[in-house]
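See structure below.
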Amino acid sequence: MNLAFAIKALGNPGGGAERVLVDVVNGLVARGHTLSVISFDPPGRHSFYSLDPRIEWVRLGIGKTDQAATALEAFSRISLLRRTVSRIKPEVAIGFMHSMYILLGMALVGRRIPMVASEHIVWAHYATRPVEKALLYLTPWLARRITVVAEDALSEYPRAVRKRMVVVPNPVNLNTNLRADLTGSQKSQKILLSVGRLTAQKNYTTLIKAFSLIADRLPDWNLRIIGEGELRDELKAQIVRVGLEKRVSLPGTTKDIYAEYAAAQLFVLPSLYEGSSLALSEALTIGLPAVGFADCPGIKHAIVPGRNGALVSGPDRVQALAQTIEPLMTHAHLRERLVPPKAALSGQFGLEQVLDRWEDLLKQCSNEAILNKQVACGHC
């Protein structure tokens with residue numbers, strides 16, 4: 001198949017959805033498909049994650065990819081997307097995330113090229129974003145299918161949107177031989193690890209506050225938050241205010257994330273909401289116990305208390321989080337009890353399984369589009 005994937009940017013550091021896209025397109029081109037990737041990165045920009053050289057990467061270079069687009073930039077992007085897709089002539093076009101699939105869908109109006117909108121967040125994300133929410137209601141008219149990464153995420157969307165939705169999970173490396181160093185017995189400083197964008201959704205202010213409550217009692221532990229985002233300066237200022245500059249680090253992003261999981265002794269994801277956390281799945285895959293909030297979609301069903309981690313609940317989220325992680329950080333034997341065998345890992349999908357799902361979905365969309373064209377021609 002000739003396929004075109006589109007995403008806002010590939011050159012910015014990190015990003016779970018960006019990593020998923022690269023894994024998927026690299027996997028599909030290895031299976032013999034013809035792949036193009038379209039983004040708004042400037043010409044000459046390098047991808048943070050390595051793209052297979054057989055893939056054509058079209059960098060449109062409109063606007064700043066780390067900021068919201070202006071109205072003029074949005075119209076320019078739609079126009080250039082339309083010309084680019086018309087040149088590529090894909091059997092199916094796939095837009096990753098709201099920032100791309102809305103524009104791509106508008107660019108394809110009247111082109112008879114089916115689009116798949118790949119959504120990587122949950123409905124709660126749009127609660128404070130009325131414009132994005134309104135545009136989301138347009139998606140069923142723009143896209144033949146809308147993918148979400150988990151059943152839980154699908155069930156939360158309104159019926160008007162949900163009727164177009166199918167589940168295509170994020171791929172996880174199930175073949176890694178790395179295992180987490182749970183005891184950290186050979187280390188002078190143990191690591192409480194979190195991975196994700198530095199945004200309000202990830203709720204790192206709560207994590208830093210919780211760590212500050214117990215840091216004096218756990219001098220052999222440091223907090224390490226891997227990721228980049230718009231709240232970096234705010235979080236750095238918070239770390240200074242609580243006097244933990246030497247105990248809490250924000251090292252940015254990394255291409256070798258599994259090395260971070262393997263070096264840590266406990267994983268915590270304090271997110272307010274998640275679609276299906278890739279970071280959480282990866283941590284659990286190598287046997288790293290995880291902690292998250294019990295009311296967080298995308299986490300509450302992945303973490304099984306007493307089996308692979310702990311869920312946090314209580315009216316005071318900071319206190320509740322501190323009280324949950326402290327005993328796990330204090331006693332290595334409690335962490336060692338929370339490591340299921342690999343065979344017991346559920347709800348996680350390897351790359352080949354995910355590629356099978358993408359292939360089935362894209363072939364179905366292509367066949368439906370061909371049938372619709374035949375019907376339309378029959379009425380001419």
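The values are calculated or read from the model by the stated rules, or taken from the named source; none is laboratory data. The structure presented is a predicted model; accordingly, all values stated were derived computationally and were not measured. Don't worry about glycine lacking a Cβ; one is built from the backbone with ideal geometry, like all the others, and counts go over all protein chains shown.
How many residues, within the range 46-71, are surrounded by 14 or more Cβ atoms within 10 Å (Cβ to Cβ) and out of contact with any Leu (no Cβ under 8 Å at 6 or more places or on another chain)?
Of the residues in that region, 6 qualify.
Checking Val291 against (1) touching a helix residue (DSSP H, G or I) at 6+ places or on another chain (Cβ under 8 Å); (2) under 20 Å from Val318 (Cβ atoms); (3) in a loop (DSSP other than H, G, I, E, B): exactly one of these is not met. Which one?
(3)
Which residues, taken from the range 7-40, are at positive phi and either of a type outside the set (Gly, Ala, Ser) or at pLDDT below 95 (or both)?
Residues of the range 7-40 at positive phi: 14-15, 32.
If the condition is that a residue be at positive phi and either of a type outside the set (Gly, Ala, Ser) or at pLDDT below 95 (or both), then Gly14, Gly15 are the ones that fit.
Could we say that Arg159 is at pLDDT below 90 and either closer than 30 Å to Leu371 by Cα or not assigned by TED's automatic domain parsing to the domain that holds Trp358 (or both) here? Give the steps one after another, and end with the answer.
Values: at pLDDT below 90: no; either closer than 30 Å to Leu371 by Cα or not assigned by TED's automatic domain parsing to the domain that holds Trp358 (or both): yes.
So Arg159 fails the test.
Does His98 meet the test of being in the same structural domain as Leu154 (by TED's automatic domain parsing), under 26 Å from the mean Cα position of the chain (by Cα) and without any contact (Cβ under 8 Å) to a residue 60 or more places away in the chain?
On the way: in the same structural domain as Leu154 (by TED's automatic domain parsing): yes; under 26 Å from the mean Cα position of the chain (by Cα): yes; without any contact (Cβ under 8 Å) to a residue 60 or more places away in the chain: yes.
Spelling it out, His98 is indeed in the same structural domain as Leu154 (by TED's automatic domain parsing), under 26 Å from the mean Cα position of the chain (by Cα) and without any contact (Cβ under 8 Å) to a residue 60 or more places away in the chain.
Looking at the structure I just gave you, is Arg45 in the same structural domain as Val149 (by TED's automatic domain parsing), modelled with pLDDT under 95, among the charged types (D, E, K, R) and more than 22 Å from Ala107 (Cα to Cα)? Can you show your working first?
Working: in the same structural domain as Val149 (by TED's automatic domain parsing): yes; modelled with pLDDT under 95: yes; among the charged types (D, E, K, R): yes; more than 22 Å from Ala107 (Cα to Cα): yes.
In short, yes.
Kindly check whether there is at least one residue in the range 213-222 that is surrounded by 21 or more Cβ atoms within 10 Å (Cβ to Cβ), closer than 19 Å to Val318 by Cα and among the β-branched types (Val, Ile, Thr).
Looking for residues that are surrounded by 21 or more Cβ atoms within 10 Å (Cβ to Cβ), closer than 19 Å to Val318 by Cα and among the β-branched types (Val, Ile, Thr), one finds none in the range 213-222, hence no.
Do the conditions hold for Val291, that is, is it buried (at least 24 other Cβ atoms within 10 Å of the Cβ) and at pLDDT 95 or above?
On the way: buried (at least 24 other Cβ atoms within 10 Å of the Cβ): yes; at pLDDT 95 or above: yes.
Yes.
If you scan the range 339-370, which residues turn out to be over 23 Å from the mean Cα position of the chain (by Cα) and modelled with pLDDT of 90 or more?
Residues satisfying the conditions are Lys363, Gln364, Cys365, Ser366, Asn367.
Evaluate the following for Thr176: is it in a loop (DSSP other than H, G, I, E, B), of a type in the set (Val, Ile, Thr) and within 23 Å of the chain's Cα centre (by Cα)? Explain how you work it out, then say what you get.
Numbers: in a loop (DSSP other than H, G, I, E, B): yes; of a type in the set (Val, Ile, Thr): yes; within 23 Å of the chain's Cα centre (by Cα): yes.
Criteria met by Thr176.
Restricted to the range 112-140, and to residues that are over 21 Å from the mean Cα position of the chain (by Cα) and more than 18 Å from Ala6 (Cβ to Cβ), which residue is surrounded by the most Cβ atoms within 10 Å (Cβ to Cβ)?
Pro140
State which residue is nearest to Gly275 (Cα to Cα) when the search covers only the range 177-194 and only residues that are in contact with a Phe, Trp or Tyr (Cβ under 8 Å, 6 or more places away or on another chain) and surrounded by 14 or more Cβ atoms within 10 Å (Cβ to Cβ). Can you show your working first?
Applying the first criterion (in contact with a Phe, Trp or Tyr (Cβ under 8 Å, 6 or more places away or on another chain)) to the range 177-194 yields 178, 180, 189-194.
Right, trim to surrounded by 14 or more Cβ atoms within 10 Å (Cβ to Cβ) and you get 178, 180, 190-194.
Working: Leu178: 25, Ala180: 25, Lys190: 29, Ile191: 26, Leu192: 23, Leu193: 20, Ser194: 17 Å.
Step by step, filter the range 177-194, then rank; the result is Ser194.
Out of (1) at pLDDT below 95; (2) part of a strand (DSSP E or B); (3) among the hydrophobic types (A, V, I, L, M, F, W, C), the odd one out for Ala4 is which?
That leaves (1) as the condition not met.
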